[in-house]
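Working notes, structure below.
The values are calculated or read from the model by the stated rules, or taken from the named source; none is laboratory data. What you see is a predicted model; the values in this text were computed from it and never measured. Virtual Cβ from ideal backbone geometry, glycine too; neighbours counted across all protein chains shown. We work out accessible area using only protein heavy atoms, side chains counted, and drop any ligands, DNA or RNA first. Shrake-Rupley method; radii C 1.70, N 1.55, O 1.52, S 1.80 Å.
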Amino acid sequence: MSSEKSRYYEVCKGFNGLDKVLLRDPRGSSAEVYLYGGHVTSWKNDHGEELLFLSSKATFKPPKAIRGGIPICFPQFSCHGNLDQHGFARNRFWAIDDHPPPFPTNNSIKAFVDLILKPSEEEMKIWPHSFEFRLRVALGPGGDLMLTSRIRNTNTDGKPFSFTFAYHTYFSVSDICEVRVEGLETLDYLDNLQKKKRFTEQGDALTFESEVDKMYLSTPTKIAIIDHEKKRTYVLRKDGLPDAVVWNPWDKKAKAMTDFGDNEYKHMVCVEAAAIEKPITLKPGEEWKGRLELSIVSSSYCSGQLDPRRVLQCS
Ligand SMILES: O=P(O)(O)OC[C@H]1O[C@H](O)[C@H](O)[C@@H](O)[C@@H]1O
């Protein structure tokens, strides 16, 4: 690693001796990525405030996935297939990729890391395909967190493969009852709590007063999560990821999860940029790219006075 690069990037030990990469942007923001799962567990703004939710009961013990942060769901989202829930990428050890294929250069991005996951014999038994999954995690100007996944079919038997995918992002919020999600109103969704039945979202924006587990279809590239109490708005920009899952387990499911605090559902919401309804199919040699960019805008909006267009149009 060049000394220039090492100013922004450091590999150290995290919980249970697991390796993690610390990214530090010169302007003050930071992020942490565990090689276990290729899993972003922390994203802090330039005031050192944590923006992602990580459960106080997260175990950091393979083979269990880390509860919180940004688990990568691949090659299967949820139980849409024969694999274990959310596939295997989130509970495999990724490697640092020192020589990734060229990336479009952006000189303002200093802090980034490239990870790679290739299947071992164990994965080939459950999903008989050869692939290279490259993940770049980067901090942009203004402290944005950017994740780019590049998945290539490297099968030598001429066979295509199909997969579903999600960045299962857990956002930290002050109080779920004070949160609105904008950008999904009027869209169709499949409700996981009602046997994936299809509905159309009504109302201005999504608010939360009970368990939610919905998969919105053909969503716009921009979605906003407005935390009124914190006066903070998360803006998600996504590319290659037409669907968006919104999840909060609420009290009963929270209690049933061993790696999640009973009351922690109040302080998180998952808004997951995904490709699920139409699985991605790659022929040998083909590559797919899915990008997620998270940024923060501070908002002085009060409940009831929000003009969604103002949030969604801010750049
Ligand atoms: O407990 P996990 O396997 O991490 O899954 C957590 C949640 O992920 C997604 O949001 C799914 O839509 C939910 O149905 C699931 O409960």
Could you work out Rg/(2.2 N^0.38 Å) for the chain, with Rg from alpha carbons only?
-> 0.96
Taking the alpha-carbon set of segment 134-200, what are its Rg and Dmax in Å?
-> 18.0, 52
When each of Lys253/Lys278; Lys222/Lys289; Lys20/Lys231 is checked by Cα-Cα distance, pairs over 19 Å = Lys253/Lys278; Lys20/Lys231
So how exposed is Asp188, as accessible area in Å² (1.4 Å probe, rounded to 10)?
-> 50 Å²
How compact and how long is segment 249-289, expressed as Rg and Dmax of its alpha-carbon atoms in Å?
-> 17.1, 47
Eligible aspartates and glutamates near Lys13 by straight Cα distance, threshold 20 Å, same-chain separation 8 or greater = Asp25, Glu32, Glu50, Asp97, Asp98, Asp114
Among Glu229, Glu132, Glu122, whose mean-square fluctuation peaks in a Gaussian network model of the chain (Cα, cutoff 10 Å)?
-> Glu122
Keeping every protein chain in place, order Ile223, Ile96 by accessible area at 1.4 Å, biggest value first, i.e. largest first.
-> Ile96, Ile223
Just read off the accessible area of Lys197 with the full protein assembly in place, 1.4 Å probe, to the nearest 10 Å².
-> 120 Å²
Using R₀ = 25 Å, calculate the FRET efficiency as 1/(1 + (r/R₀)^6) where r is the Cβ-Cβ separation of Thr156 and Lys64; round to 0.05.
-> 0.15
Using a cut-off of 11 Å between beta-carbons, work out the net charge of the residues near Pro220 (Lys and Arg +1, Asp and Glu -1, Pro220 not included).
-> +1
Once you have a ≥ b ≥ c as the square roots of the Cα gyration tensor eigenvalues for segment 212-306, tell me rounded if a/c is under 1.5, and otherwise prolate or oblate according to whether a/b is larger than b/c.
-> oblate
Could you tell me which of Met124, Val173, Leu145 has its Cα farthest along the dipole of the chain towards the positive end, charges placed at Cβ (Lys, Arg +1; Asp, Glu -1), taken about the Cα centre?
-> Met124
Counting Lys +1, Arg +1, Asp -1, Glu -1, what net charge surrounds Gly28 among other residues with beta carbon under 14 Å of its beta carbon?
-> 0
Just the ratio, please: alpha-carbon radius of gyration of segment 59-106 over 2.2 N^0.38 Å, N its number of residues.
-> 1.44
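Given an 8 Å cut-off on Cα distances and at least 6 residues of separation, report the relative contact order of the chain as a percent.
Computed over the chain, the figure is 17 percent.
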